[in-house]
Amino acid sequence: MPARKALAFRASQGYRFRAMVEKNPITPEGAQKLRDELHHRKTTERHLVSKMIGVAREHGDLKENAEYHAARERGGFNEGRIKELEDKIARAEVIDPAKLEGTSKVAFGATVKLMNTETEEELTYRIVGADECDINAGSVSITSPLARSLIGKEVGDEAKTRTPAGERIFEILEVVFK
């Protein structure tokens, strides 16, 4: 109990406690997208918000000026996103899947062709970082239940995955690193 009180006291005095910094795996393409968005937000978007605030100020009374409040809100959102992107880039661990080419096991960056053993439907997914996954584009997060069940498996192996619709069994047909 005394340790908890000491931490509470330090926190009340303005000390900041950070959890251990987790590295997030990301592909080179995903890291570049984050850097591009950060550059866009710092240059183009900030400048646009500044202009919007200037135009809204010219309209007069700021208390009842909806344009001014909307521009300020947009600016706040933009600055929050900039901080989020800077954090993601700082914690990114860029892993180039092309360098893993000789591996026959499923790992980060692999494009895996699967067959649902019940329906015999073939699916193809690429295992990527949490910040770049898009199921509609055929990419799943390394932290997803499907990816976790596939990691370390080889062609011909079966992987059991729990889904909201129940447990599914997938056979691995092909593993490619691009």
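The values are calculated or read from the model by the stated rules, or taken from the named source; none is laboratory data. Remember, predicted model here, so these are calculated numbers, not experimental data. Using ideal geometry, Cβ is built from the backbone for each residue, glycine included, and neighbour counts are taken over all protein chains shown.
Just a few scattered comments:
- Applying the criterion of at least 2 residues that are surrounded by fewer than 14 Cβ atoms within 10 Å (Cβ to Cβ) to the strands (runs of 3 or more DSSP E) found wholly in the stretch 96-171 leaves 122-128, 158-163.
- Number of the exception - I142 against (1) more than 22 Å from G102 (Cβ to Cβ); (2) touching a Phe, Trp or Tyr at 6+ places or on another chain (Cβ under 6 Å); (3) in contact (Cβ under 8 Å) with a residue 24 or more places away in the chain: (1)
- Subset tally (residues that are out of contact with any strand residue (DSSP E or B) (no Cβ under 6 Å at 6 or more places or on another chain) and assigned to a strand (DSSP E or B)) for the stretch 67-93: 0
- The condition of being at pLDDT below 90, among the basic types (K, R), over 20 Å from the mean Cα position of the chain (by Cα) and under 28 Å from K178 (Cβ atoms) holds for only one of K63, K113, K99, that being K99.
- Residue within the stretch 110-131 that is closer than 30 Å to V49 by Cα and not small (G, A, S) present: yes
- Within the stretch 60-89, restricting attention to residues that are among the hydrophobic types (A, V, I, L, M, F, W, C) and in contact with a helix residue (DSSP H, G or I) (Cβ under 7 Å, 6 or more places away or on another chain), the residue that is farthest from H47 (Cα to Cα) is I89.
- For the criterion of being modelled with pLDDT under 95, of a type in the set (S, T, Y) and within 22 Å of the chain's Cα centre (by Cα), S144 passes.
- Residue identified as on the phi > 0 side of the Ramachandran plot and more than 24 Å from the chain's Cα centre (by Cα) among G156, G152: G156
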